[in-house]
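Presented below is the structure to which this report refers.
The values are calculated or read from the model by the stated rules, or taken from the named source; none is laboratory data. All of these numbers come straight from a predicted model, not from anything done at the bench. As a convention, Cβ positions derive from the backbone with ideal geometry for all residues, glycine included, and neighbour counts pool all protein chains shown. Each accessible area value is taken on the protein alone, full model and side chains, heavy atoms only, with ligands, DNA and RNA left out. Shrake-Rupley method; radii C 1.70, N 1.55, O 1.52, S 1.80 Å.
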Amino acid sequence: MRQTHSDKDYQVLQVVAKLLVPYILLFALYVQFHGDFGPGGGFQAGVIFAAGVILYAMAFGLDKAMSLLSPQVLRPLAALGVLIYGGTGVAGMFLGGHFLDYYVLATPPTAGQHLGIFLVELGVGLTVTCVMLLIFFAFAQRAEQAP
Amino acid sequence: MIDIVLLTFLAATAIAVVRHRNLFAVVMLAGIYSLLSAGLFVTLDAVDVAFTEAAVGAGISTVLFLATLALTGPREAVPVRKPYLPMVVVSITGAALIWGTLDMPRFADPQAPIHQHVAPRYIETSPTEIGIPNMVTSVLASYRGYDTFGEVTVIFTAGVGVLALLGIRRKRSSKDAAEKE
């Protein structure tokens with residue numbers, strides 16, 4: 001499919017994508033780290049970030065996107081997100097609280113809550129971004145091989 | 001007013017999705033359906049849900065459907081039998097669901113059971129207990145942290161499942177295809 005078109009056929013798409021993608025990624029980071037104050041959180045940030053990368057992949061080709069964020073990197077990062085979440089919970093246990101008890105993470109207790117929620121949302125965002133991109137890569141690679 | 005407009009468009013899109021045989025058009029309409037739902041969520045003040053709906057429903061899942069269509073072809077096969085039995089089942093189920101809503105409390109009724117259970121406690125104590133302004137985040141990440149942990153695990157498992165079934169080739173696929181030819 002892609003071989004029959006030259007790069008010029010996608011020029012409008014590429015220019016628009018080039019303008020939009022940085023802002024989409026920035027907005028995803030905003031949703032991630034401003035989730036304590038505004039609407040949003042790890043899951044929303046993860047899917048917005050993944051959507052931005054998918055737009056890049058559609059405009060500039062799957063190969064470029066996959067060399068940017070290679071599946072070899074995404075796979076361990078997806079697991080790392082779950083590990084950060086679970087690790088935050090277990091850290092609370094080691095510090096004398098229950099599983100996922102954030103009060104013991106820092107003093108005063110509300111600072112512990114802040115830290116706990118930040119770490120947990122980071123884990124969610126990481127896993128969601130990586131899993132969404134991995135699923136997209138798996139599907140899109142099949143589609144490119146189609147006759 | 002804007003609710004009525006959005007719901008009308010939503011219904012029109014749903015009917016178009018059912019009636020079209022061209023699956024490419026159906027996928028695009030499904031994306032529009034998701035975008036309209038995202039608009040509805042914004043009018044309901046659920047902006048974070050709207051984010052998700054717009055990014056996943058209108059964005060990522062549409063792309064995944066398109067990738068699948070590249071493998072399966074864009075035409076839906078004409079069904080052999082007339083779909084009368086499914087029609088009857090769906091009508092009865094829909095009627096039962098609408099009948100069920102008659103017992104539900106009025107929309108946004110503060111006396112509804114769901115607003116009387118744990119919500120008042122969260123609203124009263126979360127500013128001092130958790131100390132962050134966004135109550136949705138404190139419920140999701142702290143009070144209900146256990147459930148969210150489960151959700152993340154589900155997403156991770158889904159990713160593992162897709163990779164186990166489809167896999168991602170290490171080498172660039174277009175190069176391989178060119179070599180084969």
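Before moving on, here are some points about what is shown:
- Test: B:Gly150 is within 14 Å of chain A (Cβ to nearest Cβ) and modelled with pLDDT under 85: no
- For B:Pro133: the one exception among (1) over 30 Å from A:Ala79 (Cβ atoms); (2) at the interface with another protein chain (Cβ under 8 Å from one of its Cβ atoms); (3) crowded, with 17+ Cβ neighbours inside 10 Å: (3)
- Every condition in (1) in contact (Cβ under 8 Å) with a residue 24 or more places away in the chain; (2) of a type in the set (A, V, I, L, M, F, W, C); (3) surrounded by 12 or more Cβ atoms within 10 Å (Cβ to Cβ) holds for B:Ala119 except the one numbered (1).
- When B:Ile2, B:Ile32, B:Ile60 are checked against the criterion of being β-branched (Val, Ile, Thr), touching a residue at least 12 places away in the same chain (Cβ under 8 Å) and under 23 Å from A:Ala57 (Cβ atoms), a single residue qualifies: B:Ile32.
- Filtering the stretch B:72-91 for residues that are open to solvent by 40 Å² or more (accessible area, probe 1.4 Å) and within 19 Å of A:Pro39 (Cβ to Cβ) leaves an empty set.
- Taking the criterion of being of a type in the set (D, E, K, R) and in a helix (DSSP H, G or I), the only residue of the stretch B:4-40 that qualifies is B:Arg19.
- Complete set of residues in the stretch B:31-48 that are open to solvent by 40 Å² or more (accessible area, probe 1.4 Å) and at pLDDT 90 or above: B:Ile32, B:Tyr33, B:Leu35, B:Phe41, B:Val42, B:Thr43
- Hey, B:Pro105 over 23 Å from the mean Cα position of the chain (by Cα), open to solvent by 50 Å² or more (accessible area, probe 1.4 Å) and on the phi < 0 side of the Ramachandran plot or not: yes
- Candidates A:Gly86, A:Gly38, A:Gly46: the one that is out of contact with any Leu (no Cβ under 6 Å at 6 or more places or on another chain), open to solvent by less than 30 Å² (accessible area, probe 1.4 Å) and at pLDDT below 90 is A:Gly38.
- For the stretch B:46-109, the helices (runs of 4 or more DSSP H) that sit wholly inside it and include 2 or more residues that are closer than 30 Å to A:Ala140 by Cα are B:47-52, B:61-72.
- Residues within the stretch A:103-141 that are out of contact with any Lys or Arg (no Cβ under 8 Å at 6 or more places or on another chain) and open to solvent by less than 40 Å² (accessible area, probe 1.4 Å), tallied: 23
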